[in-house]
Amino acid sequence: MDEKQAAAHAMVDRVFRTEARRVKATLIRLLGDFDLAEEALQDAFVAALHDWPRQGVPDKPRPWLVSAGRFKAIDKLRRRARFDASLEELAWRMEQDAEAPEAVAPELEDDRLRLVFTCCHPVLPADAQVALTLREVCGLTTEAIASAYLTAVPALAQRIVRAKNRIRETRIPYTVPERHELPARLESVLRVVYLVFNEGYFASSGDSLLRADLSAEAIRLGRLLGELLPAPEVLGLLALMLLVESRRPARIGTDGQPVLLEEQDRRLWDAGLIAEGLPLVEAALRAGPAGPYALQAAIAAVHAEAPDAGATDWAQIVGLYDVLLQMAPSPVVALNRAVAVAMRDGPATGLALVDGLLAAGELADYGLAHSARADLCRRLGRRDEARAAYARALALSRQEPERRFLAARLAALDLS
Amino acid sequence: MKYLCLVYSDEKLLHSLPDSPEDAECQAYADSVAESGRMLAAEALQPVASAATVRMRGGRMSVVDGPFAETKEQLAGFYLIEARDMNEALQVAGNIPAARVGSVEVRPVRSLQL
């Protein structure tokens, strides 16, 4: 390969990394099919590898790739139609579309938004929504997603194939939903983004406590949504992710164990992420009645603004949890509120609330409820109860670093 | 990543079902995979009656006629492809014309630990 060719290859590689996701989103819209679009994308880049060294890199590589991909797809369908007559009509229709004027000025950015809504469509199972979004929108490989979620590759590949079939068979439209259905549909998009973030931040099982790459993808999606659709809850979720993410450098001690929020070295928190997140919280709260993400972001902001754990405005945090609990009642939110009450009014008050929640039954198998109880009992000097609760939490934990943390707490009880 | 797509079918039926592909269609598909830059190698195989299976035991070679295992469907051909991930490989494999009458097993290639 001579030097000029090598340079063109490097250029195509660079363009591929930055543009492939967007070009693919547009091709999905134009071709109406995920798999055709994936083939067309590949063919478009092969065409670029062929043409660019000879003709030079086009001024606007993205529309060039979209148009090359589209014509390659039509050409391919035509050739396959020689053996399968049923493809003839599809090829013909695509050709007509390609000549329609709207195709000349495709709204490229909106296509990624359309794609997110399609991948997170409520007719798809929740785990398929996550897998499809990570692969089709974020560009992760099947193998990478499977490894992040500790799933076997063939099972995950099957989930993606089934989801695409479902999209094809139920003719899920490739559009941003109309205003009247937007709130419900947006909710499922935000849930997927938040699930991806949480899996990256609080990996549910396995050796590694954090899967930074997944959190980074979730934040990237959040920024994209924030740019294209700055609804209050979109900004709220983005702010929440940024503020939680800012604590990542302080969250794991040098021994690899998790460090509780009140014991973290706040000088390690990422000031850049906090500076990006705080104004978003304000914008989200200003834009209307606060939704659950904006409220959780507001709670994270109170923590971010406290120079040390002792200076935390617990009264404000309890107040925010009160509103959150009314709006989106859940036992986990109630547990977090109980912990905040314990910080404001003392461990005895908090423990009474936690015990009430445990007695209600829903949190009986939730490890964090037992470790919260253990911690409050420890602070009250009720050592035997603390020991039993840490042991229960340990029995429920599937996550290695967390298990080590709980075991260490348990051991420390016997020393003190 | 590299993937090996193993095309299996009942070789007595492979060419005689209503959906059976003609050789020209198989070649056209192989050409389109090659054009997309994903093809490393692909071949169709002769029937298992032409197979011989060889083993080396204690320095001595023994040969039996016929395939490694008697199965209902036989290995009829293969594609060795380069794909971004498993789903892309499945996409290429699923469109192999013989997949309409047989099955295609997709196996990621393992790099040797050296």
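The values are calculated or read from the model by the stated rules, or taken from the named source; none is laboratory data. Only a predicted model underlies this, so the values are computations on that prediction, with no experimental measurement involved. Note that each Cβ is placed from the backbone with ideal geometry, even for glycine, and that neighbours are counted across all protein chains shown. These area figures cover heavy atoms from the full protein model, side chains too; ligands, DNA and RNA do not enter into them. Shrake-Rupley method; radii C 1.70, N 1.55, O 1.52, S 1.80 Å.
Only the Cβ atoms of Lys and Arg (+1) and of Asp and Glu (-1) were treated as charged; on that basis the dipole of region B:27-98 about its Cα centre amounts to roughly 440 debye.
Per residue of peptide B:23-33, the mean number of Cβ atoms on other chains within 10 Å of the residue Cβ is 2.
Using helices alone, I'd like the mean residue ellipticity at 222 nm for chain A: each DSSP H run of four-plus residues gives -39500 (n - 2.57), total over residue count, nearest 500.
Computed ellipticity for chain A at 222 nm equals -23500 deg cm²/dmol.
Using r as the Cβ-Cβ distance of residue A:60 and residue A:10, and R0 as 22 Å, what FRET efficiency do you calculate, to the nearest 0.05? About 0.70, to the nearest 0.05. Sites count as exposed loop sites when they are trypsin sites (Lys or Arg not before Pro), lie in a DSSP loop, and have at most 16 other Cβ atoms within 10 angstrom; the longest stretch of chain B without one is B:13-71.
Taking trypsin sites (Lys or Arg not before Pro) in DSSP loop states with no more than 11 other Cβ atoms inside 10 Å as exposed sites, chain A has its longest site-free stretch at A:172-397. For the listed residue pairs A:24/A:164; A:4/A:24; A:24/A:72; A:164/B:2, the alpha carbons are over 20 angstrom apart in A:4/A:24; A:164/B:2. Once you sort the root eigenvalues of the Cα gyration tensor of chain B as a ≥ b ≥ c, which label holds: rounded (a/c under 1.5), prolate (a/b larger than b/c) or oblate (the other case)? Since a/c reaches 1.5 but b/c is at least a/b, the shape of chain B is classed as oblate. Placing +1 on each Lys and Arg Cβ and -1 on each Asp and Glu Cβ, with no other charges, gives chain A a dipole about its Cα centre of roughly 520 debye. When the surface is traced with a 1.4 Å probe over the full set of protein chains, residue B:16 keeps roughly 80 Å² accessible.
Counting pairs of alpha carbon atoms under 8 Å apart in space and at least six apart in sequence, what relative contact order in percent does chain A give?
10 percent
Here is the interface size for A with B: some 1700 Å² of accessible area buried, both sides summed, with a 1.4 Å probe. Across peptide A:136-143, the mean count of Cβ atoms from other chains lying within 10 Å of each residue's own Cβ comes to 3. Ordered by solvent-accessible area of protein heavy atoms (1.4 Å probe), largest first, the residues A:11, A:327 come out as A:327, A:11.
Just need the relative contact order of region B:2-108 here, percent rounded to a whole number, with Cα pairs under 8 Å and 6+ apart.
Relative CO of region B:2-108 lands at 51 percent.
Summarising the strand pairing of the protein assembly as shown, around 95 percent of its internal DSSP beta bridges are antiparallel.
Measuring nothing but how far apart in sequence close Cα pairs (under 8 Å, 6+ apart) lie, relative to its length, region A:334-416 scores a relative contact order of 22 percent.
For chain A, a Gaussian network of Cα nodes joined below 10 Å ranks A:288, A:256, A:56 by mean-square fluctuation, and the top entry is A:56. Computed with every protein chain present, the accessible area of residue B:56 is close to 110 Å² [probe 1.4 Å]. Hydropathy first: keep DSSP H helices in chain A averaging at least -0.5 on Kyte-Doolittle, then drop any whose Cα extent along the axis falls short of 27 Å, and list what survives. Helices meeting the criterion: A:3-31, A:34-55, A:182-201.
By the helix-only formula, in which each DSSP H run with n ≥ 4 contributes -39500 (n - 2.57) and the sum is divided by residues, chain B has a 222 nm mean residue ellipticity of -6000 deg cm²/dmol. Gain on full extension, evaluated as 0.36 nm per residue between residue A:395 and residue A:86 minus their Cα-Cα distance, stands at 105.4 nm. Rolling a 1.4 Å probe across all protein chains gives residue A:363 an accessible area of roughly 10 Å².
Using a Debye calculation, one point per C-alpha and no hydration shell, please list log10 I(q)/I(0) for region A:1-140 at q = 0.13 Å⁻¹ in order. Each listed q maps to, in turn, -0.62.
Peptide B:79-90 is shielded by partner chain Cβ atoms: per residue, an average of 6 of them sit within 10 Å of its Cβ. Heavy-atom accessible area, probed at 1.4 angstrom with all protein chains present, ranks A:9, A:303 as A:9, A:303, highest first.
Taking all protein chains together and a 1.4 Å probe, the residues A:254, A:118, A:151 rank A:254, A:151, A:118 from largest to smallest accessible area. Full extension of the segment from residue A:330 to residue A:275, taken as 0.36 nm per residue of separation minus the current Cα-Cα distance, would add 16.8 nm. May I ask for the net charge around residue A:291, where only other residues with Cβ less than 11 Å from the Cβ of residue A:291 are counted and Lys, Arg are +1 while Asp, Glu are -1? Surrounding charge for residue A:291 is -2.
The mean of 1/r over all pairs of different alpha-carbon atoms in the protein assembly as shown, once inverted, gives a Kirkwood hydrodynamic radius of 26.9 Å. Taking every protein chain into account, the accessible area of the protein assembly as shown amounts to 50 square angstrom per residue (probe 1.4 Å). Once each of the GluC sites (Glu not before Pro) sitting in a DSSP loop with at most 16 other beta-carbon atoms within 10 Å is removed, chain A keeps A:179-361 as its longest stretch.
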